[in-house]
Amino acid sequence: MSGFVVDSTVSSGNSSVAIPTDISGQILDLDEDDDLEVFSKDTTVTDGSSFNASMQTSPASMINQYKFEEDAEDTKDIFVTVDNPESHVTAIETYITYRVVTKTTRSEFDSSEFEVRRRYQDFLWLKGRLEEAHPTLIVHPLPEKFVVKGMVERFNEDFIETRRRALHRFLNKIAEHPIFSSSEDFKIFLTAASGELTSYKKQGPGFLSRMGETVKAVAAAVRGVRNRPQEFTEMQEYVEAFSQKISSLDKVTQRIVREQKEYLEELKECGPTYALWSQSEEELAEPLKDVAGCVDRCCKETEEQVKNLNDNLIPVLHEYALCTETLKAVLRRRDNIQADFEAKTEALATKKADRDTESKVLSLAWDSLVGRSPEEVKQQKQQTLKGEIKEMRDDLDKAEDRLEWANNALKSDWTRWQKDMRTDLRSAFVDTAERNVNYYEKCLAVWESFLHSQRTDAEGNGNVDFS
Amino acid sequence: VERTSLLKMMEISVAEAEKRTGKNAVNMQETYTVYLIETRPVDAASEGTNPVPDSLWRRYSEFELLRNYLLVTYPFSVVPPLPEKRAEFVWHKLSADNMDPDFVERRRVGLENFLLRVASHPDLSSDKIFYSFLTEENGWKETVFETGFQAKADSRLKALNATFRVKNPDKRFAEMKHYGDELQSVISQLLRVRARAADRLYGVYKVHGNYGRVFSEWSAIEKEMGDGLQSAGHHMDAYAASVDDILEEEEHYADQLKEYLFYADALRAVCRKHELTQYELEMAAQDLTSKKQQREELATGTIRTFSLKGMTSKLFGQETPEQREAKLKMLETQIEEGEELVKERNAECEEFVKSAWVDIERFKEQKDHDLREALISYAIMQISMCKKGIQVWNNAKECFSKM
């Protein structure tokens, strides 16, 4: 199992874990006896902004049931790789596809190995789907569409390789996520043939309903949230600060790479100059040639080191810089959900107040004019109000559930994200430090061998004193 | 360092540098630097006493005067060069200002080196003017001028002329001159490239200082990661700071290269002097030959070479036998003088070639030895730099793993 354990003893007697459909498969694998009878597999695709009515227990109990195993690696049961970029030319466009290979022992997959080809658009689609289904969970960022700065061509080899690595990391983060990894969309992404994927993509909420959701979201954003819990405010402050720091680190590292490259340019001229000099000399020819060789070797090591920084540290820093945008969006969406709840609460209160005042008003005059008995009219009005209030109350309940769900999901995913961030950044920096040590060790060896050769020469000639 | 009789007698050092202000030749205020030359008898150390050394102050222009004197007086010697007059091959952090304390310090070291080089030269070390430069503060300038060395200096034009017109210079000197050209060119290039690389390396190290700052700020918002980040940041600061020492040491290496850059010039000067003496010999020989030819023509009456005299006599009539006799007598005298001159110049030339070649060989050995030492010390510097890097990044790695 990928780092996810269900503790079925927590909520009193209620061992069912009602969770949106896309991780239902996961639960079935765990404790088939307990869950199978209570749980009903609802196969409708969740629309992120409205809450699925099959929620059976309070979201609060669910949180206790997400426990993350420390050594998830040992229990990893799905392996995804992204490689082998290929370019495709059609009449309309040229694009790159990547090979996605999946190896898994999970039973919800029809086979244990899959190989498909996907293009960047497909990854974008998957990300969008996951975000829609889980507005307050944190989806790892995708590499950017294209780099305008530096005018990198879309089909440049380095660009493609950098993107491939980022896509690989993206899918692996999804696979490691306790909720995302059991997403149906994820499964389809990994397994469906290109044609199938295209038609699958066409299902799902239509344009109009998505428009509707966008309008709702904008309205909620305009309304603003009134009573944001302290912990989310703290999260927001942290994200602001973290975003600055990580983007500074990204910039600093890029600057280091630039300076190293310029240093390399100059250093590359040193070796040949020593070699040129050796041609005019007799006694000195040998040591000068040796020095030239040493400088050239150090050049190669420096080149290697620059490449390492570029390939290892910078992408990680960059991804976490992108992450902060995701985090901000997630916090915003949570705020919107709360704003929506607050608005509905207010509306209900207003309606109830209306009902109370309504029962006191005697608009007899008008009603008698239109020939209805005051009692009838009053009854009618009361009935209508009662109906409206019930509807609003149901709506409000759903909104409350949705809010609680969103808050808890965010809280636990936040913990997971922080842990991941710490691990990723720590290992990236440790790795960088280690590579730097290696770099210096190699250069050290180069110069020590030069000294050694000079020593043996000198001792042979019986002149130079090294004391 | 050869133990000449001078060095067996005294220890020489340029101990200090000081700023002075005074009126210059055109009565304007100027600031200049003076250097303290200290001399101490060698026996002092063995006697156990530590007497105060004799000392006097000299400025750079006096060193220049001394060197010019040596160049003229010992043209067959490869005269040690002075440290550069103005800072060249600088990289951005290094100042090009002559008053900059780092420049002054490096110049002090260079001047001491110059004095030691002269003092260990088999010929130059026994020069009286040099000795009084080290020991007599007042009146030294006058003494130098009294030698009249300036009059003996060859004009630039004369030397250039000789270089172009000499027919049979000693092959070895021609090769040496060519070597001097190459050495100058390649060392200049090396110094330029090195300075640019130093500039860039400085940038690389200093940017890492930013890591220190950002890690420190970042650690403030983290709980568990805070300590690791904070301490890693300190190591990044240390890394950034370490480049200053590294580049200072490299500057010393650059100075060693510069000395031989300027030595190349001194070498070429000796070769040019050879060309000059050879040319003057050739001129004298040529003159003698033409005089002998004239004598022959006059004696036999045949005109083999064109001469204005011959033409005019053809046009205006022959000369009288008495006139011819007088001319012959004059030519004989001139030929005698000419033969003396050729003998003289020949001896000069041979003498010069012998002495100069000895010094050139001595110089070659010195150069090979010194430059090899310089390359070795460069390697040692690189090793030290690598060791520092290994230490810093290992420390940083440990801190990062505690993140």
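The values are calculated or read from the model by the stated rules, or taken from the named source; none is laboratory data. Computed from a prediction, not measured in an experiment: that's the story for all the values here. Note that we place each Cβ from the backbone using ideal geometry, even for glycine, and neighbour counts take in every protein chain shown. We work out accessible area using only protein heavy atoms, side chains counted, and drop any ligands, DNA or RNA first. Shrake-Rupley method; radii C 1.70, N 1.55, O 1.52, S 1.80 Å.
Using DSSP loop states and a limit of at most 16 other Cβ atoms within 10 Å to flag GluC sites (Glu not before Pro), what is the longest stretch of chain B containing no flagged site?
By the stated rule (loop sites, at most 16 other Cβ atoms within 10 Å), B:225-318.
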Integer Hz, Karplus 6.51/-1.76/1.60 couplings in order for region A:325-337, x for Gly and Pro: 5, 4, 4, 4, 5, 4, 5, 4, 4, 4, 4, 4, 4
Point-to-point label distance, A:ARG422-B:GLU339, nm (Cα→Cβ direction, 7 Å offset): 10.7 nm
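How do B:LYS291, A:LYS145, A:LYS378, B:LYS167 rank by accessible surface area computed with a 1.4 Å probe, from largest to smallest? It would help to have the intermediate numbers written out before the result.
Values: B:LYS291 40, A:LYS145 115, A:LYS378 80, B:LYS167 145 Å².
Ranked from most to least accessible, the order is B:LYS167, A:LYS145, A:LYS378, B:LYS291.
Can you tell me the length gained on complete extension of the stretch B:GLU105 to B:HIS369, counting 0.36 nm per residue apart and subtracting the Cα distance?
Values: separation 264, 0.36 × 264 = 95.04 nm, distance 2.52 nm.
92.5 nm is the gain from fully extending B:GLU105 to B:HIS369.
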J(HN,Hα) series, region B:150-165, from Karplus relation 6.51 cos²θ - 1.76 cosθ + 1.60, nearest Hz, glycine and proline x: 4, 5, 7, 5, 6, 6, 4, 4, 4, 5, 5, 4, 4, 4, 6, 9
Calculated from backbone phi, Karplus (6.51, -1.76, 1.60) coupling profile of region A:107-120 in Hz, x at Gly/Pro: 6, 6, 8, 5, 9, 9, 9, 9, 9, 9, 10, 9, 10, 3
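Can you sort B:ILE383, B:ILE221 by 1.4 Å-probe accessible area, starting with the largest?
Numbers: B:ILE383 15, B:ILE221 50 Å².
Heavy-atom accessible area, descending, gives B:ILE221, B:ILE383.
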Filter on A:LYS261/A:LYS328; B:LYS158/B:LYS343; A:LYS261/B:LYS387 - keep pairs with C-alpha separation over 27 Å: A:LYS261/A:LYS328
Relative counts (whole %) of C-alpha pair distances in region A:318-360, using bins that are 10 Å wide: 26, 25, 19, 15, 10, 5, 1
Amide H partners (placed H, <5 Å) of B:MET10, local residues excluded: B:VAL42
Restraint check, A:LYS268/A:LYS300; A:LYS245/B:LYS397; B:LYS206/B:LYS258; B:LYS152/B:LYS273, Cα-Cα greater than 18 Å: A:LYS245/B:LYS397; B:LYS206/B:LYS258
Order of exposure, largest accessible area first, which applies to B:HIS235, B:HIS369 with probe 1.4 Å: B:HIS369, B:HIS235
Amide hydrogen neighbours beyond the local backbone of B:ARG59, cut-off 5 Å, H modeled: B:TYR35
FRET efficiency for B:ASP244 and B:ALA15, using Cβ-Cβ distance with R0 set to 22 Å, rounded to 0.05: 0.30
Helix axis angle, B:321-401 relative to chain B longest principal axis, alpha carbon, degrees: 10 degrees
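What number comes out for the charge environment of A:SER248, summing +1 per Lys or Arg and -1 per Asp or Glu over other residues with Cβ under 11 Å away?
Working: positive: A:LYS245, A:LYS251, A:ARG255, B:ARG213; negative: A:ASP250, B:GLU217.
Neighbourhood net charge equals +2.
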MRE, 222 nm, helices only [DSSP H, n ≥ 4, -39500 (n - 2.57), over chain B, to nearest 500]: -25000 deg cm²/dmol
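Based on the Cβ-Cβ distance of A:LYS76 and A:GLU376, what FRET efficiency does E = 1/(1 + (r/R0)^6) give at R0 = 56 Å, to the nearest 0.05? It would help to have the intermediate numbers written out before the result.
Values: r = 70 Å, r/R0 = 1.24.
So the FRET efficiency works out to roughly 0.20.
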0 to 90° range, to nearest 10: angle between helix B:101-119 axis and chain B longest Cα axis: 40 degrees
Placed amide H near B:GLU16: partners under 5 Å, 5+ positions off or other chain: B:LEU36
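Give me the number: length gained by fully extending A:VAL215 to A:ASN312, i.e. 0.36 nm times residue separation minus the C-alpha to C-alpha distance, one decimal in nm.
30.8 nm
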Chain lengthening between B:LYS8 and B:GLU350 when straightened (0.36 nm per residue, less Cα-Cα): 119.9 nm
Flagged links, alpha-carbon separation over 25 Å, of B:LYS364/B:LYS388; A:LYS289/B:LYS364; B:LYS19/B:LYS128; A:LYS103/A:LYS307: B:LYS364/B:LYS388; B:LYS19/B:LYS128; A:LYS103/A:LYS307
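To the nearest 0.05, what FRET efficiency results for A:LYS386 and A:LEU124 with a Förster distance of 56 Å applied to their C-beta separation? Present the calculation step by step, with values, prior to reporting the outcome.
Values: r = 47 Å, r/R0 = 0.85.
The pair A:LYS386/A:LEU124 has a calculated efficiency of 0.75.
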Zone residues, region A:256-298, relative to B:GLU182, backbone N less than 15 Å from point 7 Å out along Cα-to-Cβ: A:273-289
Backbone N under 19 Å from the B:ASP227 label point (7 Å along Cα→Cβ), restricted to region A:424-439: A:426-427, A:430
Cα-based helix-to-principal-axis angle, B:171-219 vs chain B, degrees rounded to 10: 20 degrees
Label-to-label distance, nm, for residues given as A:VAL89 and B:SER384 (7 Å Cα→Cβ offset): 6.0 nm
